[in-house]
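J.: Once you've had a glance at the structure underneath, I'll fire off some questions.
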Amino acid sequence: MFAMFLIAAIVAPQPSDIHAIEVTRASAPYVSHTRDGRAFVEFGPTVETRNVSCSLQGRDVFDCTYEARIKDFFASDYAAWLPKREHIAFRDNCWQIVSPK
């Protein structure tokens, strides 16, 4: 566990990590829960990301810039590309958006 933290603190988030963060953010309004507490998304949006670039800002925080666009489940085409800039850190065994300090 400690070794994983050290590796994550040194290595910047990969484009797939940024994509996972955006999918989680876009799917959040559509989350439903089963009786036993598990979460699921039915008819969730499709997310695309591109031009991911991350640089180390602090001890464990990366400043990432990228573009993202979303297509709702019933939509026929994607929305426009939106530029995004987030501070991302590896916490609780996953990459998370953190507020700038």
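The values are calculated or read from the model by the stated rules, or taken from the named source; none is laboratory data. Just so you know, these numbers come straight off a predicted model, no measurement behind them. FYI the Cβ positions are ideal-geometry reconstructions off the backbone, even for glycines, and counts take in every protein chain you see. These area figures cover heavy atoms from the full protein model, side chains too; ligands, DNA and RNA do not enter into them. Shrake-Rupley method; radii C 1.70, N 1.55, O 1.52, S 1.80 Å.
J.: Write down, largest first, the equivalent ellipsoid semi-axes of the chain in whole Å, where each equals the square root of 5 times an eigenvalue of the alpha-carbon gyration tensor.
T.: One finds semi-axes of 26, 19, 10 Å for the chain.
J.: Next question. Find out how many positive minus negative residues lie around residue 90, taking Lys and Arg as positive, Asp and Glu as negative, among other residues whose Cβ is under 13 Å from that of residue 90.
T.: -1
J.: So, for the chain, what is the accessible surface per residue at a probe of 1.4 Å, expressed in square angstrom?
T.: Dividing the accessible area of the chain by its residue count gives 70 Å².
J.: Next question, about the same structure. For helix 15-27, what angle does its Cα long axis make with the longest principal axis of the chain, in degrees from 0 to 90 and rounded to 10?
T.: 40 degrees
J.: Find which of 23, 64, 52 sits farthest along the positive direction of the dipole of the chain, computed with +1 on the beta-carbon of Lys and Arg, -1 on that of Asp and Glu, about the Cα centre.
T.: Farthest towards the positive pole: 64.
J.: When the solvent-accessible surface of protein heavy atoms is calculated with a 1.4 angstrom probe, in what order do 85, 50 fall, highest first?
T.: 85, 50
J.: Within the accessible area of the chain, what % is carbon and sulfur when the probe is 1.4 Å and the other protein chains stay in place?
T.: Result for the chain: 56 percent of the exposed heavy-atom area is carbon or sulfur.
J.: Which one of 31, 47, 23 has the biggest mean-square fluctuation once the chain is modelled by GNM with Cα springs under 10 Å?
T.: 31
J.: Solvent-accessible area of residue 40, probe 1.4 Å, all protein chains present, reported in Å² to the nearest ten, please.
T.: Estimated to the nearest 10 Å², residue 40 gives 90 Å².
J.: What is the gain in length, in nm to one decimal, between residue 39 and residue 92 on full extension, counting 0.36 nm per residue of separation less the C-alpha to C-alpha distance?
T.: Residue separation times 0.36 nm, minus the Cα-Cα distance, leaves 17.2 nm.
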